[in-house]
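Down below is the structure, laid out as structure tokens.
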Amino acid sequence: MAHRTEHTFARPVELEPGVLRVTLPLPTGPRHVHCYLLRGDEGWTLVDTGLGLMETPWEEILAALDGPVVRIFITHMHPDHVGGAEAAAEATGAPVLQGRLDYLQCERVWGSSDWPRRIADWFLVHGVPPETAEELLESGHVFADFVRFAWNPQPVEPGDDVAGWRVLATPGHADGHLCLYRDGVLIAGDTLLTPITPAIGLYPDSRPDPLGDYVSSLGLVADLAPRVSYGGHGETVSEPADRANAIAAHHEDRLGRTQAALDGGPRSGYDVSLELFGRALPPIQRRFAVAEALSHLERLVVLGRASRNEDGRSVTYTGSQPGGRETA
Ligand SMILES: [Zn+2]
């Protein structure tokens, strides 16, 4: 069991020579997010920017550094990583680098006013009750206001070199998620976390099998076997390959529970989310639960362990019994 790190907000903490961590508070979820500062020849690279909701004391943070921040790198477009990008760019004067695919999705989700409506409609198709979908719609509009991403960043691609760090594509938690790797050190974003596991959800207009993508990304991390991995939340991962394998096993187990939830007939993503995560969840948590149930259901479809039924108004899933047994 990893010991629990005391999180010191905002003040940069040195993890090893040339790698600093800045922890910013979050109002919800894990309650904090880690950003990283990587020393390079011309100055520092800031990785991720926190949520735009809280004022981040960038002046104080920058004053603690022995050189300028010369670029900002975004691992993925979720609010707690990209939401503070505009403010960070203003405070540092540095350009923002973001994956090409990730930025496309960032703009589609946070840069357009119709996204909350589209996601609410999509959840209705997956069995979410209208009252819950409406609440999601409202909270979606409120949330979008706090995401101040940087428009028109410099695009980066997997395989690029950023200040001597190699850019790795690790889709799953987000389709366009990127990590940085150099000399055994992985800056993992939300690809590899401990003690929590990253949410793997299916969303509209996203890649069709995010859990399949994620399991491949975990395989990539296990093969790479970094010496250490620094993630966006929680603790430093001192044995990244072991952690990657443990998270893959966790999803294998959840796939089994998802398949079991299909016993006895067609079920919607919402039905399965009740089975996996219980009934007592506030709407915002239900949204993650349904998206997570759907990523597992779609993975089961790819594996031939379930089938998807669509009638234009709703989507449900039916389990396929091993050995051709159709009913229990
Ligand atoms: Zn995150």
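The value for segment 62-152 of Rg(Cα) / (2.2 N^0.38 Å) is 1.33. For segment 8-116, evaluate the Debye formula with one uniform point scatterer on each Cα (no solvent term) and list log10 I(q)/I(0) at q = 0.16, 0.18 Å⁻¹, rounded to two decimals. For segment 8-116, the Cα-only Debye profile gives -0.69, -0.86.
Specify whether the C-alpha gyration tensor of segment 188-234 places it in the rounded, prolate or oblate class, a ≥ b ≥ c being the square roots of the eigenvalues: rounded for a/c under 1.5, otherwise prolate if a/b is larger than b/c and oblate if not. Taking the square roots of the gyration eigenvalues as a ≥ b ≥ c, segment 188-234 is oblate. Note on the chain: with charges restricted to the Cβ of Lys and Arg (+1) and Asp and Glu (-1), its dipole about the Cα centre is near 660 debye. Taking 7 Å steps out from each Cα toward its Cβ at residue 205 and residue 41 produces label points 4.0 nm apart.
The equivalent ellipsoid that matches the C-alpha gyration tensor of the chain spans semi-axes of 35, 22, 17 angstrom, in descending order. What the Cα atoms of segment 97-142 give is an Rg and a Dmax of 12.4, 39 Å.
Peptides 300-312, 12-24 ranked from most to least packed give 12-24, 300-312, packing being the mean of other C-beta atoms within 10 angstrom over each peptide's residues. Which residue, chosen from 168, 78, 290, occupies the Cα position most advanced towards the positive end of the dipole of the chain, where the dipole is computed from +1 (Lys, Arg) and -1 (Asp, Glu) charges on Cβ about the Cα centre? Value: 290. The angle between the Cα long axis of helix 283-302 and the main principal axis of the chain comes to about 70°, on a 0 to 90 degree scale. Highest-first packing order for the peptide set 155-164, 121-130 is 121-130, 155-164, based on the mean count of other beta carbon atoms within 10 Å. The helix-only estimate of mean residue ellipticity at 222 nm for the chain, built from DSSP H runs of length n ≥ 4 each weighted as -39500 (n - 2.57), is -11500 deg cm²/dmol after division by the residue total.
Taking the C-alpha atoms only, the angle from helix 115-125 to the longest principal axis of the chain is near 30 degrees.
How far is helix 210-224 tilted off the main Cα axis of the chain, in degrees rounded to 10, range 0 to 90? Computed tilt is about 50 degrees. Residues of segment 215-237 with an amide N closer than 18 Å to a point placed 7 Å from the Cα of residue 303 along the Cα-to-Cβ direction: 215-220. Reducing segment 125-187 and segment 1-73 to their Cα centroids gives an inter-centroid distance of 18 Å.
For the chain, the per residue solvent-accessible surface stands at 45 Å², with DNA, RNA and ligands left out and a 1.4 Å probe.
Hey, with R₀ at 25 Å, roughly what FRET efficiency would residue 224 and residue 157 work out to, going by the Cβ-Cβ distance, to 0.05? Plugging the Cβ-Cβ distance into 1/(1 + (r/R0)^6) gives 0.85. Under conditions of 37 °C and 0.692 mPa s, segment 196-328 yields 206 µm² s⁻¹ as its translational diffusion coefficient, taking Rh as the Kirkwood radius over Cα pairs in the Stokes-Einstein equation. Packing order of peptides 98-105, 71-78, highest average first: 71-78, 98-105 (average count of other Cβ atoms within 10 Å over each peptide's residues).
Pairwise Cα separations in segment 100-224 fall into 10 Å bins from 0 onward with the following percentages, short to long: 12, 35, 35, 15, 3, 0. Surface composition of segment 63-190: carbon and sulfur make up 53 percent of the accessible area, probe 1.4 Å.
The values are calculated or read from the model by the stated rules, or taken from the named source; none is laboratory data. This one's a predicted model, so the numbers in the text were calculated from it and none came from an experiment. Every residue, glycine among them, receives a Cβ derived from its backbone with ideal geometry; neighbour counts consider all protein chains shown. We work out accessible area using only protein heavy atoms, side chains counted, and drop any ligands, DNA or RNA first. Shrake-Rupley method; radii C 1.70, N 1.55, O 1.52, S 1.80 Å.
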